[in-house]
Every structure is written in C-alpha cells, then in structure tokens.
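First comes the structure, then the notes that go with it.
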Ligand code: ASP
C-alpha cells in the first residue's frame, strides 16, 4: 500500500515537473521570438519648416531602408552584431548623415571619423577616433573589438590597423559633400566676423548615426558612427567612440547610442549612466533615459538625445532638441520620427 502510494506520488511529481518544464520551454520560445532594433540619425535643430518635402522623404526613406536591413537579419535569427554593423554601413554610405560619406569637416577642412561598438554579452568593445582613410568606420571599430587586444585606437595608428585588417580604403574626396563643405565655410565666416560673440556649436545639427539591436538569443549590441562636429580643432574626439559616453551595452540592463554635443556626453558618461540607473536603482529604461536626457543633461546645457533598448525589447528615444531622426522595429511593429 505504502509502496503504491509512493509510486503514485512520484509519478505525480514527474508529471508536474514535465509539465512545468514544458511551460518553461514555451516561455523560452516566446521570448526567443523577440527581436528589436532602434536607431538614430542625429539630433539637433531639425524643424519641419526647415525641411522640404523632398528632404523629409529622403531621410524617411533612408531610415526605412536601414530598418529593413537590420530587421531582416534579426528576423532570420542573425546576430545583433551583424544587424548593427550592416545597418550602420548603410547610414555611413548615405550622404545625408554625418558619418562616413557626408561627414562634417574639421576646422582645417579634413574629415576625421569616430566610431564604436559594444557587445552586451561580455562587455567587449572596440572604438576608433580620428580616422581618415576607412570607408566604413564602424567596421574599423568592430575589427578593434574582434581582432585586437585593445579597446580604443586613434589617429594614424587606427588607420594603419584598419588597413592591415583589409578594410576598404577611401580617398579623402569620397567623404566630401558640398552641403557639409558649405556648413564649414559658413561657420568659418561667422567665427571671423562675430569675434567674441561667436558660439562654436550653437544651433548645430549633429547628424551622427547609431543603432542598438536585440537579437533572438537575447544579445544586445550598440554602435555609433560620426564625423564629429563641424569646425572641430586639434584632433578633437567626441563622445561617439568613447565607451560609456556615446555607446554602451550590457545584456543585463540595456544598450545605448547617443547623439548631441559630445563634450557634455563625455563629462556626464551618458550611455553608461542609463545602464547604471537601471542596475543600481531598478528603474525602467524609459525612466532612466528620460531622466538623463531631459533633466540631468538639459539642466547642464547639454543638447542631444539617445536611442536605447533593454533586454525585453522596451525602447526609449528621448531628446532635448527640436528634432532627432529616429526609428525602431520590434517584431512587426515599426516607427519612424523626425520632429518632437
Ligand atoms: N556626438 C557627436 C560628437 O560630439 C556629434 C553628433 O552626435 O552628431 O562628436
């Protein structure tokens, strides 16, 4: 009798264990069907009245294609690393954005490119600052992450390393667009005529690009690429290639890519601050991102915004400027925005 009862109890336990395991499997499957990607094409004084219908369409089309590229990879089970790099390559190749082709000019009339990428699964990162010869700077950042013992390379050395990695080289004229050249001329003129009243980065439209993706395996990757700020001097490097300032990713919390006045983003360690607020205070992604951009940074006078997503595919895109080119995909859901 006792023996039979024990067997019955044991079988019941086994049944319960199996069924609860099954529930877990279903939940895992449902969760692993999740993927999301969020991107920006820069923040700044982007106002509807200043953008023609054709310009608005050109930006919307470029952002839509970028979302197509990334979501196709993620939907088919590709990695967030692949989605971020391929999407950023598209944005770097577009002359509309301040990254790769179409990058802004330095004071001396050159293009100096910054990029970074971070992997949330193991906190590995790669970055390059002030490179001049690589067609797609995000690939240089990826090469630093994957094929070197360093995290951050700058200047001629970073160009040399990237060339040794076999990355495509582009001549200086490749990066040049008339629009960015004219912006530099305008600022140089103002600098000359306004004297002490000249505010170097007032009213800037930044135009950096950044992408954060969450793949079906639950891995977050964040990347950012830029030409920096028009009229930058003395090999200035901004926040975009600085891990923790312009870019950050941690599978446990979130991935972040920033855009705006880089000096503020470096001093306030903005990208890492979002992750830290979530980790230490237990607040949501939305609360952390909003607080940092719209309260902390705004109060300090730092203009810009960020895009971020967390491990559950929640998305935040706060900015304290009139506009930010932005968009996201989450499963079948898609959004694109430009103005506030
Ligand atoms: N954050 C970039 C920099 O300061 C500029 C931008 O976001 O467009 O270099």
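Some observations on this one:
- With 10 Å bins from 0: P(r) over region 168-243, alpha-carbon pairs, percent: 14, 36, 30, 14, 5, 1
- Pairs of alpha carbons in the chain whose separation is greater than 29 Å (percent): 38
- Peptides 225-236, 124-135, ordered by how many other C-beta atoms sit within 10 Å of their residues on average, highest first, read 124-135, 225-236.
- Per-residue ellipticity at 222 nm from helix content only, as computed over the chain with -39500 (n - 2.57) for each DSSP H run of at least four residues, stands at -12500 deg cm²/dmol.
- For region 221-291: rounded, prolate or oblate by the Cα gyration tensor [a/c cutoff 1.5]: prolate
- The relative contact order of region 260-340, computed from alpha carbon pairs under 8 Å that lie at least 6 residues apart in sequence, is 22 percent.
- Highest-first packing order for the peptide set 71-82, 38-49 is 38-49, 71-82, based on the mean count of other beta carbon atoms within 10 Å.
- Label-reachable residues, region 306-340, where backbone N falls under 17 Å from a point 7 Å from residue 186's Cα toward its Cβ: 322-323
- Only beta bridges with both residues in the chain are counted; by DSSP, about 95 percent of them are antiparallel.
- Per-residue packing, averaged as other Cβ atoms within 10 Å, sorts the ranges 331-339, 55-63, 246-254 into the order 246-254, 55-63, 331-339, beginning with the highest.
- Considering only region 53-203, percent of DSSP beta bridges that pair antiparallel, nearest 5: 70
All of the numbers you see were taken from the coordinates with simple rules; none came from a lab. Note that the coordinates shown come from a computational prediction; the quantities given were computed from them, not determined experimentally. Positions of Cβ are generated from backbone atoms using ideal geometry, with glycine treated the same way; all protein chains shown enter the neighbour counts.
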